[in-house]
Amino acid sequence: MKNSRIINFLNTLMALCLAIMAGSVFINVVMRYGFSSGIAASEELSRLLFVWMVFIGATAAYPQGEHMAFTSLLHPLLAPGRETALRFVTRLIHALVVLSCILLGWGAWQQVIVGMGSVSVVLGYRQALLPLPALLCSVAIGSMALLKLIQGRPIDLGHASPEVE
């Protein structure tokens with residue numbers, strides 16, 4: 001894949017988020033049960049990193065065609081003579097993805113604006129950092145889907161069963 005550097009970078013970011021989350025929670029559990037104390041920031045840090053990890057993963061999965069797809073709905077359209085119907089449904093799906101990203105991005109933007117005025121209780125970061133990955137993810141996936149819509153590129157069925165391909 002031509003974007004393998006970007007995908008590898010995103011995978012590394014997700015692994016880093018997961019490692020920090022796991023380490024933070026593990027240390028917090030050991031300190032609570034072993035020493036009757038704990039790290040107050042562990043829960044907030046884990047929540048923030050989990051949200052970022054999920055949206056980074058969604059962004060990394062889209063260009064590889066790894067999102068959930070209803071390939072059984074497209075399977076009948078792969079038969080010879082149905083290319084026009086397949087092309088129409090493909091464009092419809094890309095348009096719906098773009099619309100969904102616009103709606104997600106609009107809602108996330110509103111939450112970012114609201115979050116600019118408040119800070120988290122323990123760590124003190126701006127609450128806008130929680131909806132920010134949703135905004136960035138919607139822009140990234142929406143841009144990729146819009147490009148596929150304009151180019152008329154087919155939906156990647158790389159994850160489908162062998163008889164579909």
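The values are calculated or read from the model by the stated rules, or taken from the named source; none is laboratory data. It should be emphasised that the depicted structure is a prediction, and the values quoted were computed from it without experimental measurement. Please note: Cβ atoms are built from the backbone with ideal geometry, for glycine as well, and neighbour counts cover all protein chains shown.
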> Within the stretch 2-24, can one find any residue that is within 22 Å of Ile155 (Cβ to Cβ), in contact (Cβ under 8 Å) with a residue 40 or more places away in the chain and assigned to a loop (DSSP other than H, G, I, E, B)?
Replying inline: yes
>> Kindly evaluate Met144 against the criterion of being out of contact with any Asp or Glu (no Cβ under 6 Å at 6 or more places or on another chain), within 30 Å of Ala41 (Cβ to Cβ) and modelled with pLDDT of 85 or more.
In response: no
> How many residues does the stretch 64-122 hold that are at pLDDT 85 or above, outside any helix (DSSP H, G or I) and either surrounded by 15 or more Cβ atoms within 10 Å (Cβ to Cβ) or touching a His at 6+ places or on another chain (Cβ under 8 Å) (or both)?
Replying inline: 1
